[in-house]
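Asks: Below is a structure I'd like to ask you about.
The values are calculated or read from the model by the stated rules, or taken from the named source; none is laboratory data. These numbers come from a predicted model, not from an experiment. FYI the Cβ positions are ideal-geometry reconstructions off the backbone, even for glycines, and counts take in every protein chain you see. Accessible surface is based on the protein model in full, side chains and every heavy atom, while ligands, DNA and RNA are left aside. Shrake-Rupley method; radii C 1.70, N 1.55, O 1.52, S 1.80 Å.
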Amino acid sequence: PFLRELEQHVFGVGVLKAAVKNTSVKLLDAFVGSAFQFVDYPLDPSQTNAAPVDEIKEAAVITNIHGDIPSEFPQGVYIRNGPNPLFGGLKSTKSVFGESSPIWVEGEGMLHALYFSKDINGNWTVVYNNRHVETDTFKLEKLRNKPSFLPATQGDPLAVFTSFLLNLVENNLPQEIDILTLEALGDWDVNGAWNRSFTAHPKRVPGTGELVTMGIAATKPFVEVGVISADGKELVHKLDLKLDRCPLSHEIGIYCLHGLPTNC
C-alpha cells in the first residue's frame, strides 16, 4: 500500500516506471559493454546490395532512369523496409558465452521510399528518400554512439541464447510512419489492444482488408494471433494458440474458408 501511494502521489506511476526502466537499461548497458566485444563482420559478396547506406536527409529527384515507366503504372509511393546497420556494417560478438554472428537481415531498420507522380502530359517524376526508423532503441544507440544490438541468429548456442535475453533492442511493436516524411510517430499498438511482438509478415485478408498478425513471447501465452480491422483502428479478434512452449517463428500464413474471411 505504501509503494502504491508513493507511486500515485509522489512520483506518479509513469515517472516511477520510467526511472526503473532507465536504471535497468544503464545496468544492462554497462554489463554488455564490459562482457561483449563487437567485431566487424564482412558481408558475403552476394550480399553487397545489403550494405549500409547513409541517410540523404532530404528527398531527391531521380534524374537517371534506365528503361521506361509504363503509362498504366499507378501513381503513389513504394516503400521498402530493410536493415541498415548504423555503425559501419554487421557486427559479430565475442564474450565468455562464446561467439555469435549476424545475418544480413539484422541491423537497424531503414525505410527507402520512391514517390511516383505523373503530370497532365504523361511525364513521370520520381523522388527518392530514406530514413532510419527512429525507435527508442535507435535513439539510445545514437546517444551512446556505439552498437547496442547483440546478434542473436547464429553462433554458439549459449551466446545466441544470452543475446536474446540481453538485447537492447525493441523488436516487438511496429512503428507508425508518416508516409511523406518517413518520420516515426511512435509505437502502433492498435489503440492499446495489442501489447506484444508483431510478426514482420502480417497478411491481408482477401475481401475484407483485415490484417492478420501473430505475436510470440518467452512466457505464456507463447503465441497469440490477432485480426485487425481494415482501417487499423480496432483489434477485432485475438486468440491464444495455447502452445506448451515458445517457438521461434518468422513467418505467418493464413487460410480463409469461403464465405468466412475473418475465420482464419
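Asks: Scanning segment 126-151 for residues that are at pLDDT below 95 and hydroxyl-bearing (Ser, Thr, Tyr), which turns out nearest to the chain's Cα centre (by Cα)?
Replies: By that ranking, first place goes to THR135.
Asks: While we're on this one: Consider only pairs whose beta carbons are under 7 Å apart and that are at least six residues apart or on different chains; among these, list those whose first residue lies in segment 114-140 and is more than 18 Å from HIS66 (Cβ to Cβ) and whose second residue is surrounded by fewer than 18 Cβ atoms within 10 Å (Cβ to Cβ) and of a type in the set (Phe, Trp, Tyr).
Replies: From residues that are more than 18 Å from HIS66 (Cβ to Cβ), the pairs are LYS118/TRP124.
Asks: Within segment 216-225, can one find any residue that is among the acidic types (Asp, Glu) and either out of contact with any strand residue (DSSP E or B) (no Cβ under 9 Å at 6 or more places or on another chain) or in a strand (DSSP E or B) (or both)?
Replies: Yes, segment 216-225 contains a residue that is among the acidic types (Asp, Glu) and either out of contact with any strand residue (DSSP E or B) (no Cβ under 9 Å at 6 or more places or on another chain) or in a strand (DSSP E or B) (or both).
Asks: Further question on the same structure: Could you give me the residue pairs with C-beta distances under 6 Å whose first residue belongs to segment 235-250 and is assigned by the TED database to the domain that holds VAL225, whose second residue is in a loop (DSSP other than H, G, I, E, B) and loosely packed, with under 13 Cβ neighbours inside 10 Å wherever it lies, and which are 6+ apart or on separate chains?
Replies: CYS246/ALA218
Asks: Under the condition of being in contact with a helix residue (DSSP H, G or I) (Cβ under 9 Å, 6 or more places away or on another chain), open to solvent by 20 Å² or more (accessible area, probe 1.4 Å) and part of a loop (DSSP other than H, G, I, E, B), which residue from segment 73-102 is nearest to GLU176 (Cα to Cα)?
Replies: Here the residue is LEU86.
Asks: Restricting to segment 199-215, count the residues that are assigned to a loop (DSSP other than H, G, I, E, B) and either open to solvent by less than 30 Å² (accessible area, probe 1.4 Å) or among the polar types (S, T, N, Q) (or both). Give the derivation first.
Replies: Of all residues in segment 199-215, those assigned to a loop (DSSP other than H, G, I, E, B) come to 199-202, 205-210.
Then keep just the ones that are either open to solvent by less than 30 Å² (accessible area, probe 1.4 Å) or among the polar types (S, T, N, Q) (or both); that gives 199, 205, 208-210.
Of the residues in segment 199-215, 5 are assigned to a loop (DSSP other than H, G, I, E, B) and either open to solvent by less than 30 Å² (accessible area, probe 1.4 Å) or among the polar types (S, T, N, Q) (or both).
Asks: Return yes when GLU55 is surrounded by fewer than 10 Cβ atoms within 10 Å (Cβ to Cβ) and either assigned to a loop (DSSP other than H, G, I, E, B) or modelled with pLDDT under 85 (or both) and no when it is not.
Replies: Against the criterion (surrounded by fewer than 10 Cβ atoms within 10 Å (Cβ to Cβ) and either assigned to a loop (DSSP other than H, G, I, E, B) or modelled with pLDDT under 85 (or both)), GLU55 does not qualify.
Asks: For segment 26-52, which residues satisfy the criterion of being out of contact with any helix residue (DSSP H, G or I) (no Cβ under 7 Å at 6 or more places or on another chain), farther than 14 Å from LEU166 by Cβ and in a loop (DSSP other than H, G, I, E, B)?
Replies: Of everything in segment 26-52, those that are out of contact with any helix residue (DSSP H, G or I) (no Cβ under 7 Å at 6 or more places or on another chain), farther than 14 Å from LEU166 by Cβ and in a loop (DSSP other than H, G, I, E, B) turn out to be PRO42, ASP44, ALA51, PRO52.
Asks: Looking only at segment 91-120, how many residues end up being at pLDDT below 90, of a type outside the set (Ser, Thr, Tyr) and out of contact with any Leu (no Cβ under 6 Å at 6 or more places or on another chain)?
Replies: Total satisfying the criteria: 7.
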